[in-house]
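Enquirer: Encoded as structure tokens, here's the structure I'll be asking about.
Read the figures in this text as sums done on the coordinates, not as results from a lab. Quick caveat, the model's predicted, so the values are computed rather than measured. For neighbour counting, all protein chains shown are included, and Cβ atoms are generated from backbone atoms with ideal geometry for every residue, glycine included.
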Amino acid sequence: MNKLRKTYRYALTSALYLTVISVVIAVFSYLSFFKSLGLVAIIIFGILLFTISFFVIQYRAEHFIYQRVKKLYQDISILDVQDLKRDKITTDIEDFTKTVQDYVEDKKEEIANLTERDSFRRDFLGNVAHELKTPLFTVQGYILTLIEGAANDKVIRDKYLERANKGVERLTSIVKDLDMIAKLETDGMKMKIEPFNIIELIQTVFDLFEMKAKKRNIQLVFDKVYDFPLFVKGDVERIEQVLINLIVNSIKYGKVDGITTASVESYNENKFVIKISDDGEGIKQEHIPRLFERFYRVDQSRSREQGGSGLGLSIVKHIIEAHNETILLKSTFGEGSEFSFTLEKAI
């Protein structure tokens, strides 16, 4: 009985309203017009009844739908009842359905984005913990060994202190790179855009890592002789960081007795493209889409042997995008890789 009353309450209430209104109009019309106007009074009564009935039913239907939808908004935690406006409610089922579907799609997209962010946050925290764990345990192990008596042996002491220092350096590198990414993502690191000679900057980075390259007998060269300076616009310190990361990667993963080549070409009327290429092992195609992700490593074991924070390419991508420029990668497995990025010409 309760279910029946709930189901038909709207219809019964509307019928009651229309009955009362009809009776009142009928009595008023009869007393005022029927006796003197006859058929004209009946027509007027019919038109008046139809008009009033239309507005009553329309209002009641909208009120009925609004109250039910409002209750849905209150019951479903992800929906905000403040978002529901009375003027959005209509008895046109198609329009109403489309409005609800659009709203649901917006909420689904919002939930998907939040879920993706949460998944990214969990993965990121897991990666950070994993990256920090190895050097921390390494340093702790060496220090405990020294505390337990190994410090009395000068050879062992010096060797363990050196290894512990390498672990601390790796920790420092990870923390610095994390700090840089955080600043880039929150716009905390403002770019100081100014003209500078890109050829000179590349040569500076080559000179900086000449000894590192010689250990693997890798040549650091330009693709040709640049007789004149080429000026670009950018933050010279950040672009230097980009070049350092790309050139160090080419040395780490390049072929022994190989070559790392830098080139600067005209990309279009307003931009240069700077390329850093090597003839190393290259990268398999399935890894390329994820290569700029934080902590993503193509070869986990070899990457850890080579050192680094695992954030270098992610930093490169952030810096280039902060300049509103593009970073590109071409690689053929077994033949080598070419990283390139654009910079605006300083005309």
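Enquirer: Working out 0.36 nm times the residue gap between A151 and K108, then minus their Cα-Cα distance, what length gain in nm do you get to one decimal?
Expert: 9.4 nm
Enquirer: A further question follows. Hey, quick one: spin label on L136, modelled 7 Å out along Cα-Cβ, who in segment 144-181 has an amide N within reach, i.e. under 12 Å?
Expert: 171
Enquirer: Please compute, for the alpha-carbon atoms of segment 194-345, the extent along each of the three principal axes and give them in descending order in Å.
Expert: 41, 30, 25
Enquirer: Shifting gears a bit: State to the nearest 20 debye the size of the charge dipole of segment 194-345 about its Cα centre, where the only charges are +1 on K and R beta carbons and -1 on D and E beta carbons. Please list the in-between numbers first.
Expert: Details: 20 positive and 24 negative charges, 117 e Å.
Dipole of segment 194-345, to the nearest 20 debye: 560 debye.
Enquirer: Could you please rank M211, M180, placing first whichever residue has the fewest other Cβ atoms within 10 Å of its Cβ?
Expert: M211, M180
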